[in-house]
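Everything on this sheet refers to the single structure shown next.
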């Protein structure tokens, strides 16, 4: 009985621990994404992509990386190739964690999360 | 050489999550790069050779074979347990030159385009638009492949244009692995291409109306559709209006399509005598759970093309593709009595925005849609004279046996000459309910039972009907195809048996064809049925 009472006692260390975990959870989950899609053209298909939603049946490529810029560098250029030469859809995702990371490092560390779908190949 | 990737997939699903269905192998074929093989005919014939090799491999392993495109059908018509070939990358296109035309053809070569099977409706439309041309009609969206679309009979609501297959002038089929197994079929009464073109695609020519119309809506079972010749027309604009309409006015119009004398009209679309002009497209949206509510009419008029119209896509994106939210199905399974309240509350979300007039080309008005979760569609075709009776009966069943999570619409299309066309009445009214898939339980009827109740009610009331081949239905209902098509299913089987060997007829069959009893092979069918009737 005594032990039980001790176990239920307010524990500041535990509270701070959960607060930190909760804050990290919020930082990493606080995010949004923006999708830019081409009015014309057809997405590159993927017949074995059965995921639910917008990307179902489409050949999705993802860029998920962190870039460390050198002192004099100020921009990031990611080069990708689409067989038809065009993107059909590009979606970028911004998380609170990535924004904070960039802010703390004065823009020198940038977290990049991008999804894209190429235009379907055509003989035109 | 074309390259085929093999997936031992285990199970396959439709675009709208109507499966999953057990499937052993899925083939994904890529064409040879145009840089390595610049000639259209070389690439097209190379792909044909690859398909024939896949067919031969199926023969060697005693397995069945089925091609499919975007998998948009909600029925299992595209499914095959053994081997499925995804055709979505087979998208060659070729304009027709005057030299390709049959000597006495009545077609204008400028209107004809030859497409490989895996071109989607959007690709077809964009290629045509680049040449100042348009499809005559399309479905409500543009993601179906042309091969899959015509073989299941997709349609829009273009009153006097017919379904998509009615614009087809010629069909190129692969019916086996041998050199004589590539055929080009067109009407002998309306030939389009000459023998020289057929020779370039290594095809033997069969000009035969009966065979052409049977193969046109071939349900993926008349062989592999490799190419189609489409008749297009000059680009045009559609002016789209959405208005409230009284149920009585809507149903009077639906049963007659007499727009000249209707009380419902669009003031800016009257003739000099003040009478309503005949629209290109007419569709009525209905909430089946509220008798007092007005319907919504979507009406479009055909206009000459001009380039100075505002971009319609932003409005179309908001206006057309409205779906019930997926969460509603989960909720409905537990609290089905609340479905009518939800549909009433979400009316503005489900039906098109009222009084938002838009103008655009066919390809812009019937633009993209994306996957929004598991979906169902019950789609009956009835003679327009039976519209009121068929609609009221559907609504009665939905209210008495349901409610179920869907909203209704009526569309209208003239008759197709295809033997198994869903649009087979002189003017077909399409009575449809679209919604989100639900599971039956203690609180809600199962979808399968609901489908049966609908069929029983229609048959008991003596309503003649068809069902869209690509939509949900109790397809195993006894005698269903006979009831819908009379002798036409026999005609279809005869032509199929005359064109295909018994082995190939079996290879191109699937569970769906067995279920609807169209896979029978008729051994004694006379071969002359598929003779070339015009050299």
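The values are calculated or read from the model by the stated rules, or taken from the named source; none is laboratory data. Just so it is clear, the model here is predicted, and its values are computed rather than measured. Every residue, glycine as well, gets a Cβ built from its backbone with ideal geometry; the counts of neighbours run over all protein chains shown.
Picking from residues in the range A:11-61 that are at the interface with another protein chain (Cβ under 9 Å from one of its Cβ atoms) and part of a strand (DSSP E or B), the one that is surrounded by the most Cβ atoms within 10 Å (Cβ to Cβ) is A:45.
Looking at B:88, B:71, which one is at pLDDT 95 or above, touching a strand residue (DSSP E or B) at 6+ places or on another chain (Cβ under 6 Å), facing another protein chain (nearest Cβ under 10 Å) and in a loop (DSSP other than H, G, I, E, B)? Break it down stepwise before answering.
Working: B:71 fails: touching a strand residue (DSSP E or B) at 6+ places or on another chain (Cβ under 6 Å).
Result: B:88 is the single residue among B:88, B:71 that is at pLDDT 95 or above, touching a strand residue (DSSP E or B) at 6+ places or on another chain (Cβ under 6 Å), facing another protein chain (nearest Cβ under 10 Å) and in a loop (DSSP other than H, G, I, E, B).
Would you pick out the residues in the range B:42-59 that are surrounded by fewer than 16 Cβ atoms within 10 Å (Cβ to Cβ) and within 12 Å of chain A (Cβ to nearest Cβ)? Scanning the range B:42-59 gives a single hit, B:42. Just one of the listed residues (B:253, B:219, B:238, B:211) is modelled with pLDDT of 95 or more and part of a strand (DSSP E or B), namely B:238. Are any of the residues in the range A:86-94 exposed (fewer than 13 other Cβ atoms within 10 Å of the Cβ) and either within 14 Å of chain B (Cβ to nearest Cβ) or over 27 Å from residue A:30 (Cβ atoms) (or both)? Within the range A:86-94 (the criterion being exposed (fewer than 13 other Cβ atoms within 10 Å of the Cβ) and either within 14 Å of chain B (Cβ to nearest Cβ) or over 27 Å from residue A:30 (Cβ atoms) (or both)), the answer is yes, since at least one residue qualifies.
Inspection of the range B:121-132 finds no residue satisfying the criterion of being more than 14 Å from chain A (Cβ to nearest Cβ), under 15 Å from the mean Cα position of the chain (by Cα) and on the phi > 0 side of the Ramachandran plot. For the range B:102-114, a tally of residues being outside any loop (DSSP other than H, G, I, E, B), under 29 Å from residue B:220 (Cβ atoms) and away from chain A (no Cβ under 14 Å) returns 2.
Looking across the range B:509-535, the residues that are closer than 27 Å to residue B:193 by Cα and either out of contact with any strand residue (DSSP E or B) (no Cβ under 7 Å at 6 or more places or on another chain) or part of a loop (DSSP other than H, G, I, E, B) (or both) come down to B:526, B:527, B:528, B:529, B:531, B:532, B:533, B:534, B:535. Considering (1) surrounded by fewer than 16 Cβ atoms within 10 Å (Cβ to Cβ); (2) within 9 Å of chain A (Cβ to nearest Cβ), the lone condition that residue B:28 does not fulfil carries the number (1).
Criterion applied to B:82, B:99 was being touching a residue at least 40 places away in the same chain (Cβ under 8 Å), more than 12 Å from every other protein chain (Cβ to nearest Cβ) and in contact with a strand residue (DSSP E or B) (Cβ under 8 Å, 6 or more places away or on another chain), and the one residue passing it is B:82.
Give the range B:260-282 a look and list any residue that's part of a loop (DSSP other than H, G, I, E, B), in contact (Cβ under 8 Å) with a residue 60 or more places away in the chain and surrounded by 17 or more Cβ atoms within 10 Å (Cβ to Cβ), or say none. Let's see the steps before the verdict.
At the first step, the residues of the range B:260-282 found to be part of a loop (DSSP other than H, G, I, E, B) are B:260-266, B:271-275, B:277-280.
Cutting the leftovers down to in contact (Cβ under 8 Å) with a residue 60 or more places away in the chain gives us B:278-280.
Listed by number, the residues that qualify are B:279, B:280.
Among the residues of the range B:353-376, count how many are under 26 Å from residue B:403 (Cα atoms) and within 22 Å of the chain's Cα centre (by Cα). Going through the range B:353-376 one residue at a time, the tally reaches 6. Would you mind stating whether residue B:33 is at pLDDT 95 or above and either over 27 Å from the mean Cα position of the chain (by Cα) or in the same structural domain as residue B:374 (by TED's automatic domain parsing) (or both)? No: the conditions fail for residue B:33.
With the structure loaded, tell me whether residue B:506 is assigned to a helix (DSSP H, G or I), under 25 Å from the mean Cα position of the chain (by Cα) and closer than 18 Å to residue B:213 by Cβ or whether it fails that test. Spelling it out, it is not the case that residue B:506 is assigned to a helix (DSSP H, G or I), under 25 Å from the mean Cα position of the chain (by Cα) and closer than 18 Å to residue B:213 by Cβ.
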